[in-house]
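*Asks:* Structure in structure tokens, see below.
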There are 4 protein chains.
Amino acid sequence: MSTTLTPDILDALALQAVEVPSWAYGNSGTRFKVFGTPGTPRDPFEKIADAAQVQRFTGLAPRVALHIPWDRVEDYAALRDHAESLGVVIGTINSNTFQDDDFKFGALTHEDPAIRQKAINHHLECIDVMDATGSRDLKIWLAEGSNYPGQNDMRARQDRLQDSLQQIYDRLSDEQRLVLEYKFFEPAFYHTDVPDWGTAFAQVSSLGERAQVCLDTGHHAPGTNIEFIVMQLLRLGKLGAFDFNSRFYADDDLIVGAADPFQLFRILVEVVRGGGLNHPDVTFMLDQCHNIEDKIPGQIRSVLNVQEMTARALLLDREALAAAQSANDVLGANEIFMDAFQHDVRPALAGWRESRGLAGNPMAAYAASGYQERIAAERVGGAQAGWGA
Amino acid sequence: MSTTLTPDILDALALQAVEVPSWAYGNSGTRFKVFGTPGTPRDPFEKIADAAQVQRFTGLAPRVALHIPWDRVEDYAALRDHAESLGVVIGTINSNTFQDDDFKFGALTHEDPAIRQKAINHHLECIDVMDATGSRDLKIWLAEGSNYPGQNDMRARQDRLQDSLQQIYDRLSDEQRLVLEYKFFEPAFYHTDVPDWGTAFAQVSSLGERAQVCLDTGHHAPGTNIEFIVMQLLRLGKLGAFDFNSRFYADDDLIVGAADPFQLFRILVEVVRGGGLNHPDVTFMLDQCHNIEDKIPGQIRSVLNVQEMTARALLLDREALAAAQSANDVLGANEIFMDAFQHDVRPALAGWRESRGLAGNPMAAYAASGYQERIAAERVGGAQAGWGA
Amino acid sequence: MSTTLTPDILDALALQAVEVPSWAYGNSGTRFKVFGTPGTPRDPFEKIADAAQVQRFTGLAPRVALHIPWDRVEDYAALRDHAESLGVVIGTINSNTFQDDDFKFGALTHEDPAIRQKAINHHLECIDVMDATGSRDLKIWLAEGSNYPGQNDMRARQDRLQDSLQQIYDRLSDEQRLVLEYKFFEPAFYHTDVPDWGTAFAQVSSLGERAQVCLDTGHHAPGTNIEFIVMQLLRLGKLGAFDFNSRFYADDDLIVGAADPFQLFRILVEVVRGGGLNHPDVTFMLDQCHNIEDKIPGQIRSVLNVQEMTARALLLDREALAAAQSANDVLGANEIFMDAFQHDVRPALAGWRESRGLAGNPMAAYAASGYQERIAAERVGGAQAGWGA
Amino acid sequence: MSTTLTPDILDALALQAVEVPSWAYGNSGTRFKVFGTPGTPRDPFEKIADAAQVQRFTGLAPRVALHIPWDRVEDYAALRDHAESLGVVIGTINSNTFQDDDFKFGALTHEDPAIRQKAINHHLECIDVMDATGSRDLKIWLAEGSNYPGQNDMRARQDRLQDSLQQIYDRLSDEQRLVLEYKFFEPAFYHTDVPDWGTAFAQVSSLGERAQVCLDTGHHAPGTNIEFIVMQLLRLGKLGAFDFNSRFYADDDLIVGAADPFQLFRILVEVVRGGGLNHPDVTFMLDQCHNIEDKIPGQIRSVLNVQEMTARALLLDREALAAAQSANDVLGANEIFMDAFQHDVRPALAGWRESRGLAGNPMAAYAASGYQERIAAERVGGAQAGWGA
């Protein structure tokens, strides 16, 4: 039995786009060690060149997200042109409030007005970058919090956060959006200022329509039903973006779909159910760390995993499912649901890829392309990019 | 060094009230076994008599919550008079949508309009009870959900829930409130319709001002910072009630303060910080199971634990704390915070209790009172109350 | 591309046996409610009749485990004959130390010698049953523990447990085994006397060779790498049995493979790797609760899930995997691993089943058989079996 | 009521020693950022000088643990003399197999014999250091593992680990010990080679008597009952050392007692119960990260927390507790247990400290000593120590 994908499904897949982050191509690691690898990019131009390989071999990754200040350049128009010359465009701009010494105890939440203003200004700079790159989304991950009970007044910080976000939001153009990301913990170990979707939802709801929530699949407490949150945010009109990755323990930032492929399937079923697939309001993005595996094929694997699970989600027989659900046929409904998950869609996707002039097996095609060997040979000297540059 | 409590603190403690649930005096257990105990009440009148003992020995528990249908009686005026004759009043009315065979697959969320109407009607009956007992709050714990992926359409259930709650809310008088309780999981094991504070907040926000959230301290994912949620709900004006208990693992329903007394302290610090102490809008209630320990002294222990941690929270030197926080003196702020927690307030509370004509040691006084022996001897025959009656 | 299973794989599958528990056919539920269903068996004979349906439609479930006292009968030889007449045999005998009032505070660990002796005697009775039924394994799930810090002396209980187990072990014949099951928590909520594999391992190691560990897949802390434990126990020669089920939160006892099919795959890969597949020393058993779904098809679904994941595990190209592992090719090794998981083996298994005279689709065949309707019609009156009878 | 400590308790406290780690005085942080602080030591000599301050102000920290290679020096005798001149001695030697590029995919478990030999040799070098410093304990934290299912053969790694440890163990002198530390996860995110106490216990049991387990309080799955493991390892004669710290989420490495003081109390109660207090076989050590707080006072706070909870544990009325336990008086036993925890022992400990010529308030005394200002002024230039140097 060969799984075939209907024209409708193929059309939906043809529209799918997964944004890749520039920092995935630099080195990353744990607090214990960051391992380097030959060929790692030294600057944003090289990162984008690597990202373009993912698009080249999959056709699924047309946009590259930047991180400021890691991707600060003199001339953003040049960076934009560079990207476009390689077949990709610049996507979401991600701010950073966790590495400046002034932000040790907070940034957008800081009690000191001068430091808080500095943090707001950093976001205004990011919006300037967005203007230059044509980016739509400003993504704010709130890394702020405290490590010890009593260290900070959580309530006052929440109020200051609201005020800071409003100032940033007010600076956006009508085509731009603010996307607020929540995270359960890390780098703060007692309280985090935006720890859950409820807080992100309450914050962005008070800002305005173009403020949305970003759901990072690794940013939840153990056992959390993530597809429920996807459903709820779509229902409330507030799901702005995904940061895809996977985890066994904490925010492990493994390749999406690697730890629990069935969870990824359930999330994508809910995305389709809620009208979030290929909807311009919901950005699909990767946010992963390839600590020990090769970075470009790690990204190729990731976008393929998203595509495969999307195809399975689209295979779900929703009519039959609805009938079984209405009949409270627990085992029947579950079987219909699992049936979609069990299909091996890889052969059909390979065929379809080939019909569009792409390699049937992007992983093999990339490996055969010689790109990895070339960058390893050419990128000698200079400082490899990481989370500091 | 003897910890003394200032007149301000004593005044605040004098106002404190912790509502006790009628069902805590009946038998409870796990799915594996419900152990019975001599003296267990057989009807709501006997439950209220037991609850009145807690008030008698602590002065802290002037209200008793009822659960419908477990506490259904012919004549609620008689039950009310009975309570008042024993020095307590009837408090929150708790509905039940998890035991009727019709509700096996949902109640307020059920796809079948007839079953959904039955569930709504149950709540209207609860409001009738409230009218008869003079209760202010209708508490709805949403036990509904599903056990298997695909079993139900979570999104449609959420919409139906919204509609059901609106119909119930609209029936309330201007003095009555609807309090919606969320829970991470159990009895449903895949999805729960109100699994987190964000969902409860979104639901009640759309209903109106007199719809509020109930925070049960045992209803969160492992590691959740509960005091953060307390802070946030108070900030958003939506903290309607607490269900106090404690846990090591899941919804263990142990005595409040037994598993992590420091967490209870942090919660109460945030309650005080946010103006929730003795505020009529925030009901303090116990919701526990005394599976293996004696029930009346289990409840006495519980309200004492709440009082002791409230006293410690009130001891916090907020001025010094604010100064240390402003200076980002991490260790200094934490030390001030911990200093309040470390005070042994038991002697001071015993003295104060005695000054008000109460027993210094309520646990010992109850044990010496002979009440337990009396009910054990008198309550022979009949069916002991549990979660079914 | 149709997945084909090699003769070697088919041979391995032909040997596979999954023991089913008698109690899965009775009613079960949560502490909140046990829902009944038409056709639920009223006695052990009817339970075995239902269990035999699973074998009839799958050929995978030739043994039925009993639970004493729930399955106590006058004449075990008659029960054995009944089973054999239906094409199944009686398997593991499970003891129960959690429902007798005397065991409220412990059984094999109890401080009172009389109660401890009673608990030991219960196990000796179980061994008598084993002698009568021809069962090899005595399974002991240690439900004992405490709810509050200080309630018990954990160390003394551990020593008493050791002594109790030794007395039971010494009573076994040379062909019989003792299998000790660990569980993270529930029904005890503070400490459990055998909470982890380390404790079970230490206890059985001191007993003797025929004492082994039972791994219940739902009995671990969140995030635990269960396949690692499978590997370790096989390596140490101490994996005696599996209790299969699945969970999202606690010990949810859902259908095996329903919550995280990839985890089940990883477990079975490790079983094959460690020589535990079809090895007489490792009993595969289900231990699940069908709280809301039909019980017989719930069991059929479960054994099929085990079979499907076993087939996938056997598809793993271990030679290619070893080569990729040796080369530290992280992505390559993972791709080989995932390739086996992604195969849809259902068509091949259906074909193979048909070649052996079984229904290609056991779920559909059971539904079409009329058995469910028949028992619903016939089993009227009497008390439906549950966890008390 | 002032808590007084009996002479017996004071004697026990007088013997208490908490080893401090040299690396606690260097900079640490998260993968996102390591913040520097004025005065941070630049070499092992300065680290020991800082550690000696903890001993100077508390009298509780007479030993300093080293980490190789971070604390590699030319002349260990000189380092030893330096320590002794400052009133401390060198304690446990900690090895490191997680930062060398060769160890990216394993060290003691590596498939390549040359790399594995290199890892073994590193430990032999550590034993040479022990010989030079007079240290008794070699502590091995196994940071090794894999990030993706299939990446490695867990079973073969376990066997190689056994062999590597045996080679190291065999090199120890009769007075030296090997202490093996387990950890739930991090830096590996799929499997860790020694993830739990069961694995550590199985490994060291096969080595010999002088191989023991190290329990790091932050290295467990959520909800784990750590005091149970303390009890069990003491019972099995295999608790060699503690690494103390505290956590809300993962391995947060916060100040011991900061996150859950009641848990620390319960652990120490079990230590006393099992004869582990002041027993030479059980090393008490800190292993924490002061990411944002001052390091020396962070360490002072930590050893004081251990002392305070030890004093409370010693206050436990074990005779009364045993009586309540025997009577299955759940609430009574718990009250006796909590009574010890609730005592505020700080005044008594301050008085006792003063009676021994130490500062009553070590935190204040250190702050007043001018040491912090002095090192901040003097330690200018050079590279601040961290986890790389």
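The values are calculated or read from the model by the stated rules, or taken from the named source; none is laboratory data. Since we're looking at a predicted model, the values are computed, not measured. Cβ placement follows ideal geometry from the backbone for every residue including glycine, while neighbour counts extend to all protein chains displayed. Quick note on the areas: whole protein, heavy atoms, side chains included, nothing else; ligands and nucleic acids left out. Shrake-Rupley method; radii C 1.70, N 1.55, O 1.52, S 1.80 Å.
*Asks:* Tell me which residues, restricted to the range D:96-124, are touching a residue at least 12 places away in the same chain (Cβ under 8 Å), within 13 Å of chain C (Cβ to nearest Cβ) and surrounded by fewer than 18 Cβ atoms within 10 Å (Cβ to Cβ).
*Replies:* The answer is D:ASP102, and nothing else.
*Asks:* A follow-up question, please. Could you tell me whether any residue of the range C:223-230 is more than 9 Å from chain D (Cβ to nearest Cβ) and buried (at least 23 other Cβ atoms within 10 Å of the Cβ)?
*Replies:* Looking for residues that are more than 9 Å from chain D (Cβ to nearest Cβ) and buried (at least 23 other Cβ atoms within 10 Å of the Cβ), one finds at least one in the range C:223-230, hence yes.
*Asks:* Is there a residue in the range C:343-352 that is within 14 Å of chain D (Cβ to nearest Cβ), farther than 18 Å from C:THR58 by Cβ and touching a residue at least 60 places away in the same chain (Cβ under 8 Å)?
*Replies:* No: zero hits.
*Asks:* Can A:PRO62 be described as farther than 20 Å from A:LEU178 by Cβ and either of a type in the set (Ser, Thr, Tyr) or touching a residue at least 24 places away in the same chain (Cβ under 8 Å) (or both)?
*Replies:* Here the answer is yes, as A:PRO62 does meet what is asked.
*Asks:* Still on this structure: Any chance you could count how many residues in the range A:372-385 are assigned to a helix (DSSP H, G or I) and within 25 Å of the chain's Cα centre (by Cα)?
*Replies:* Residues meeting the conditions: 1.
*Asks:* Which condition number does D:ALA83 fail, the rest of (1) surrounded by fewer than 19 Cβ atoms within 10 Å (Cβ to Cβ); (2) modelled with pLDDT of 95 or more being met?
*Replies:* For D:ALA83, the exception is condition (1).
*Asks:* If we only count helices (runs of 4 or more DSSP H) wholly inside the range B:1-88, which ones have 2 or more residues that are of a type outside the set (Phe, Trp, Tyr) and touching a Pro at 6+ places or on another chain (Cβ under 9 Å)?
*Replies:* B:44-58, B:76-85
*Asks:* If you don't mind, there's one more thing I want to ask. Restricting attention to the range C:194-209, which residues are in a loop (DSSP other than H, G, I, E, B) and open to solvent by less than 10 Å² (accessible area, probe 1.4 Å)?
*Replies:* C:VAL194
*Asks:* Among the listed residues B:GLN212, B:GLN167, identify the single one that is closer than 18 Å to B:VAL282 by Cβ, of a type outside the set (D, E, K, R) and open to solvent by 10 Å² or more (accessible area, probe 1.4 Å).
*Replies:* That would be B:GLN212, the only listed residue that is closer than 18 Å to B:VAL282 by Cβ, of a type outside the set (D, E, K, R) and open to solvent by 10 Å² or more (accessible area, probe 1.4 Å).
*Asks:* Would you check which residues across the range C:164-182 are charged (D, E, K, R) and closer than 10 Å to C:LEU138 by Cβ and list them?
*Replies:* If the condition is that a residue be charged (D, E, K, R) and closer than 10 Å to C:LEU138 by Cβ, then C:ARG171, C:ARG177 are the ones that fit.
*Asks:* Then there is this: Of the numbered conditions (1) in contact (Cβ under 8 Å) with a residue 12 or more places away in the chain; (2) in contact with a helix residue (DSSP H, G or I) (Cβ under 7 Å, 6 or more places away or on another chain); (3) more than 30 Å from A:ALA107 (Cβ to Cβ), B:ASN361 satisfies every one except a single condition; which is it?
*Replies:* Only one criterion is unmet by B:ASN361, namely (1).
*Asks:* Of all residues in the range A:231-255, count the ones that are within 10 Å of another protein chain (Cβ to nearest Cβ), at negative phi and touching a residue at least 24 places away in the same chain (Cβ under 8 Å).
*Replies:* Residues in the range A:231-255 being within 10 Å of another protein chain (Cβ to nearest Cβ), at negative phi and touching a residue at least 24 places away in the same chain (Cβ under 8 Å): 14 in total.
*Asks:* Also, quick follow-up: Please enumerate the residues belonging to the range A:2-42 that are open to solvent by 40 Å² or more (accessible area, probe 1.4 Å) and under 24 Å from D:GLY388 (Cβ atoms).
*Replies:* Matches in the range A:2-42: A:ARG31, A:LYS33, A:VAL34, A:GLY36, A:PRO38, A:ARG42.
*Asks:* Further, regarding this structure: Checking C:GLN307 against (1) out of contact with any Ser or Thr (no Cβ under 9 Å at 6 or more places or on another chain); (2) more than 8 Å from every other protein chain (Cβ to nearest Cβ), which test does it fail?
*Replies:* Only one criterion in (1) out of contact with any Ser or Thr (no Cβ under 9 Å at 6 or more places or on another chain); (2) more than 8 Å from every other protein chain (Cβ to nearest Cβ) is unmet by C:GLN307, namely (1).
*Asks:* Can you tell me which of (1) open to solvent by 50 Å² or more (accessible area, probe 1.4 Å); (2) among the charged types (D, E, K, R); (3) in contact (Cβ under 8 Å) with a residue 24 or more places away in the chain is the one D:ASP50 doesn't meet?
*Replies:* Of (1) open to solvent by 50 Å² or more (accessible area, probe 1.4 Å); (2) among the charged types (D, E, K, R); (3) in contact (Cβ under 8 Å) with a residue 24 or more places away in the chain, only one is false for D:ASP50: (1).
*Asks:* Out of all the residues in the range A:268-291, which are surrounded by 21 or more Cβ atoms within 10 Å (Cβ to Cβ), of a type in the set (Val, Ile, Thr) and within 13 Å of another protein chain (Cβ to nearest Cβ)?
*Replies:* Once the filter is applied, which keeps residues that are surrounded by 21 or more Cβ atoms within 10 Å (Cβ to Cβ), of a type in the set (Val, Ile, Thr) and within 13 Å of another protein chain (Cβ to nearest Cβ), the range A:268-291 yields A:VAL269, A:VAL271.
*Asks:* From the list B:GLY370, B:GLY351, B:GLY388, B:GLY332, pick out the single residue that is among the small types (Gly, Ala, Ser), open to solvent by 30 Å² or more (accessible area, probe 1.4 Å) and farther than 28 Å from B:ARG72 by Cβ.
*Replies:* B:GLY351
*Asks:* Could you check the range D:310-329 and list, in sequence order, the residues that are open to solvent by less than 40 Å² (accessible area, probe 1.4 Å), within 9 Å of chain C (Cβ to nearest Cβ) and without any contact (Cβ under 8 Å) to a residue 40 or more places away in the chain?
*Replies:* D:LEU321, D:ALA324, D:GLN325, listed by residue number.
*Asks:* Moving on to the next point. From the set of residues in the range C:15-70 that are β-branched (Val, Ile, Thr) and within 14 Å of another protein chain (Cβ to nearest Cβ), which is nearest to B:PHE103 (Cα to Cα)?
*Replies:* So, considering only residues that are β-branched (Val, Ile, Thr) and within 14 Å of another protein chain (Cβ to nearest Cβ), the one nearest to B:PHE103 (Cα to Cα) is C:VAL34.
*Asks:* Only residues that are in contact (Cβ under 8 Å) with a residue 60 or more places away in the chain and either more than 18 Å from B:ASP196 (Cα to Cα) or not charged (D, E, K, R) (or both): list them for the range A:181-210, please.
*Replies:* A:PHE184, A:PHE185, A:GLU186, A:PRO187, listed by residue number.
*Asks:* Follow-up. Looking at (1) at the interface with another protein chain (Cβ under 9 Å from one of its Cβ atoms); (2) open to solvent by less than 10 Å² (accessible area, probe 1.4 Å); (3) within 24 Å of the chain's Cα centre (by Cα), can you tell me which one B:PRO187 breaks?
*Replies:* Only one criterion is unmet by B:PRO187, namely (2).
*Asks:* Of all residues being open to solvent by less than 10 Å² (accessible area, probe 1.4 Å) and charged (D, E, K, R) in the range D:231-252, which is farthest from C:ALA200 (Cα to Cα)? Just the residue, please.
*Replies:* Per the criteria, the residue is D:ASP252.
*Asks:* Mind telling me which of the residues B:ASN291, B:ASN278 ends up being at pLDDT 95 or above and among the polar types (S, T, N, Q)?
*Replies:* B:ASN291
*Asks:* Output the number of residues of the range C:132-180 satisfying the condition of being within 14 Å of another protein chain (Cβ to nearest Cβ) and under 17 Å from C:SER205 (Cα atoms).
*Replies:* 9
*Asks:* Hey, among A:PHE265, A:PHE337, which residue is out of contact with any Leu (no Cβ under 7 Å at 6 or more places or on another chain), touching a residue at least 12 places away in the same chain (Cβ under 8 Å) and of a type outside the set (Lys, Arg)?
*Replies:* Selected residue: A:PHE265, the only one of A:PHE265, A:PHE337 that is out of contact with any Leu (no Cβ under 7 Å at 6 or more places or on another chain), touching a residue at least 12 places away in the same chain (Cβ under 8 Å) and of a type outside the set (Lys, Arg).
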